[in-house]
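The structure appears below as structure tokens.
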Amino acid sequence: MLPAQIDAAISLQSRMPLWRETNRAFQVLRERVPGFELYAALVKVATVNQLYSTNVYAVARMAEHVAAVMANLQRL
């Protein structure tokens, strides 16, 4: 990314208090539910789906996929 793009993103986020609070919620979730075991992936996928309105209907299937991908990455 270009420095101007980063500056623009920082400026935009400073004007969007709900974005800051959403980021804080994700930080708390990361601290309290570490890792990507299936239960953790399920909580994280459901949270992203709700807070970002991604409209994922198969949340459990997506969580299984995320858990599998993250497990494969740890093996590398």
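Points to keep in mind about this one:
- Members of segment 1-52 found to be among the β-branched types (Val, Ile, Thr) and within 18 Å of residue 66 (Cα to Cα), listed by number: 33, 43, 45, 47, 48
- All of 28, 66 fail the test of being closer than 27 Å to residue 9 by Cβ and surrounded by 15 or more Cβ atoms within 10 Å (Cβ to Cβ), apart from 66.
- Considering each residue of segment 66-73 in turn, at least one proves to be without any contact (Cβ under 8 Å) to a residue 40 or more places away in the chain and either β-branched (Val, Ile, Thr) or under 24 Å from residue 17 (Cβ atoms) (or both).
- Residue match in segment 38-50 (condition: at pLDDT 95 or above, exposed (fewer than 13 other Cβ atoms within 10 Å of the Cβ) and at positive phi): no
- Test for residue 48: is it among the β-branched types (Val, Ile, Thr) and in contact (Cβ under 8 Å) with a residue 24 or more places away in the chain: no
- Segment 1-28 residues that are of a type in the set (A, V, I, L, M, F, W, C), paired with ones that are in a helix (DSSP H, G or I) (beta carbon under 6 Å, 6 or more apart): 19/13
- Taken residue by residue, segment 15-24 has no member that is at positive phi and not hydroxyl-bearing (Ser, Thr, Tyr).
- Residue match in segment 1-16 (condition: among the basic types (Lys, Arg), within 15 Å of the chain's Cα centre (by Cα) and modelled with pLDDT under 95): no
- Counting only helices (runs of 4 or more DSSP H) that fall entirely inside segment 1-55 and contain at least 1 residues that are touching a His at 6+ places or on another chain (Cβ under 9 Å) and in the same structural domain as residue 67 (by TED's automatic domain parsing), the qualifying elements are 38-51.
The values are calculated or read from the model by the stated rules, or taken from the named source; none is laboratory data. Computed from a predicted model, the values in this text were never measured in an experiment. Cβ coordinates were reconstructed from backbone atoms using ideal geometry, including for glycine residues, and neighbour counts include every protein chain displayed.
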